[in-house]
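Q: Quick one: this structure, given as structure tokens, is what I'll be asking you about.
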């Protein structure tokens, strides 16, 4: 087909050359400032593109999780046994750290604000447990200060990281130990989900992802108090 | 054989034209920042800041940020459960750079005081080409999230620059 001598084909070839050249040149223009590294529109859309519809932010698990057998130190410096202390109580569990400026306080504040919209008698039923993924920096006192600012009734657990990591893993949540980044700054990881445990079965049956808002929790917490699906 | 010379000629011509078009078509960025806010942090330890950079011109780069409220302001992106500090963020030509909850954020450390809802925090954003843009960040509720504003997808008026 390269030897086709029809003039029409020639124009096509030239046009293709043009298009290719234009594309090359355009991308050359665009890449001049690419040193920021991959922060183009696709990435931005990927990060915040999920719409905040309640249905998408919550997953009802077909196979609920066992509540992890986890005993760490609470914010008062006492041993806290998650299974024993929250037995038969509606419970939300989140894994995070306090040196986290965005997602961790947003998650806890969303729950705190939603909790305030419950009738007063109902509020104390809900157990909200924050498990630290950064136990070295999140001492009981530090964790207590941070949680109290959001809701004085929130429970904080901190202790051995490996134990914490295993508990998180049993809930399908992956967290890494605190490490130094290339600037020598300490970086920790937080879970991207909040798990709700039913007061009826003590099983983790609902999963809230990072798109869950105050509205999501306000809508679903009354159901969780009864161990119902939202 | 003539075809073989025709195509390179077309390429050269096209490249010449496109280069001219590129350099005469405002390589100067034109940045505007809006939607800035700082969620009220639970403690005075650290805070985050969010905003959108709109750019009507050529590409630019956000290289750093500073504020009198904090000893240090750094640029971060969060993916999955981990945030990573970045030395700069590209501001695409005729596009925008979004610092939104759960994505990119400014991190304020060594706060002089704990910002409270209703406060205003002045932040200087430093761009490689556009220089310093001073932006006032109102402190909003801890749960504030302007949600996916209509910024996604190409702006109709800019479409011609990005599509072939």
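The values are calculated or read from the model by the stated rules, or taken from the named source; none is laboratory data. Because the structure is a prediction, the values reported are computed rather than measured. Counting neighbours? That spans all protein chains shown, and the Cβs are built from the backbone with ideal geometry, glycine included.
Q: Tell me which of these residue B:65 doesn't satisfy, since it passes every other one: (1) within 10 Å of another protein chain (Cβ to nearest Cβ); (2) surrounded by 21 or more Cβ atoms within 10 Å (Cβ to Cβ); (3) at pLDDT 95 or above.
A: All conditions are met except number (1).
Q: I'd like the full set of residues that are in contact (Cβ under 8 Å) with a residue 40 or more places away in the chain and either over 24 Å from the mean Cα position of the chain (by Cα) or more than 10 Å from every other protein chain (Cβ to nearest Cβ) (or both), limited to region A:98-122.
A: Residues satisfying the conditions are A:115, A:117, A:118, A:122.
Q: Ok, one more. Can you tell me how many residues in region A:190-208 are modelled with pLDDT of 95 or more, under 17 Å from the mean Cα position of the chain (by Cα) and either assigned to a loop (DSSP other than H, G, I, E, B) or closer than 16 Å to residue A:102 by Cβ (or both)?
A: So the answer is 4.
Q: Only residues that are surrounded by fewer than 18 Cβ atoms within 10 Å (Cβ to Cβ), assigned to a helix (DSSP H, G or I) and over 17 Å from the mean Cα position of the chain (by Cα): list them for region A:123-171, please.
A: A:123, A:141, A:145, A:148, A:162, A:163, A:166, listed by residue number.
Q: Residue B:118 fails exactly one of the following numbered conditions: (1) part of a strand (DSSP E or B); (2) free of Cβ contacts under 8 Å to residues at least 40 places away in the same chain. What is the number of that condition?
A: (1)
Q: Is it true that residue B:18 is outside any loop (DSSP other than H, G, I, E, B), under 30 Å from residue A:193 (Cβ atoms), modelled with pLDDT under 95 and facing chain A (nearest Cβ under 10 Å)?
A: On the way: outside any loop (DSSP other than H, G, I, E, B): yes; under 30 Å from residue A:193 (Cβ atoms): no; modelled with pLDDT under 95: yes; facing chain A (nearest Cβ under 10 Å): yes.
It is false that residue B:18 is outside any loop (DSSP other than H, G, I, E, B), under 30 Å from residue A:193 (Cβ atoms), modelled with pLDDT under 95 and facing chain A (nearest Cβ under 10 Å).
Q: Here's a follow-up. Can you tell me which condition residue A:172 does not meet? The list is (1) within 14 Å of chain B (Cβ to nearest Cβ); (2) at negative phi, and all the others hold.
A: Of (1) within 14 Å of chain B (Cβ to nearest Cβ); (2) at negative phi, only one is false for residue A:172: (2).
Q: Residue under question is residue B:84, and the condition is that it be in a strand (DSSP E or B), under 11 Å from the mean Cα position of the chain (by Cα) and surrounded by fewer than 23 Cβ atoms within 10 Å (Cβ to Cβ); does it hold? Even if it seems obvious, please write down each step before you answer.
A: On the way: in a strand (DSSP E or B): yes; under 11 Å from the mean Cα position of the chain (by Cα): no; surrounded by fewer than 23 Cβ atoms within 10 Å (Cβ to Cβ): yes.
No: the conditions fail for residue B:84.
Q: Let me ask something else about it. Within region B:45-56, does at least one residue satisfy the condition of being part of a loop (DSSP other than H, G, I, E, B) and either at pLDDT 95 or above or more than 8 Å from chain A (Cβ to nearest Cβ) (or both)?
A: Yes.
Q: For residue A:100, state whether it is assigned to a loop (DSSP other than H, G, I, E, B) and closer than 26 Å to residue A:186 by Cβ.
A: Numbers: assigned to a loop (DSSP other than H, G, I, E, B): yes; closer than 26 Å to residue A:186 by Cβ: yes.
When the stated conditions are applied, residue A:100 passes them.
Q: Ok, one more. Here is a list: A:70, A:92, A:82, A:61. Which entry is closer than 28 Å to residue B:48 by Cα, away from chain B (no Cβ under 14 Å) and modelled with pLDDT of 85 or more?
A: Working: A:70 fails: closer than 28 Å to residue B:48 by Cα; A:82 fails: closer than 28 Å to residue B:48 by Cα; A:61 fails: closer than 28 Å to residue B:48 by Cα.
Result: A:92 is the single residue among A:70, A:92, A:82, A:61 that is closer than 28 Å to residue B:48 by Cα, away from chain B (no Cβ under 14 Å) and modelled with pLDDT of 85 or more.
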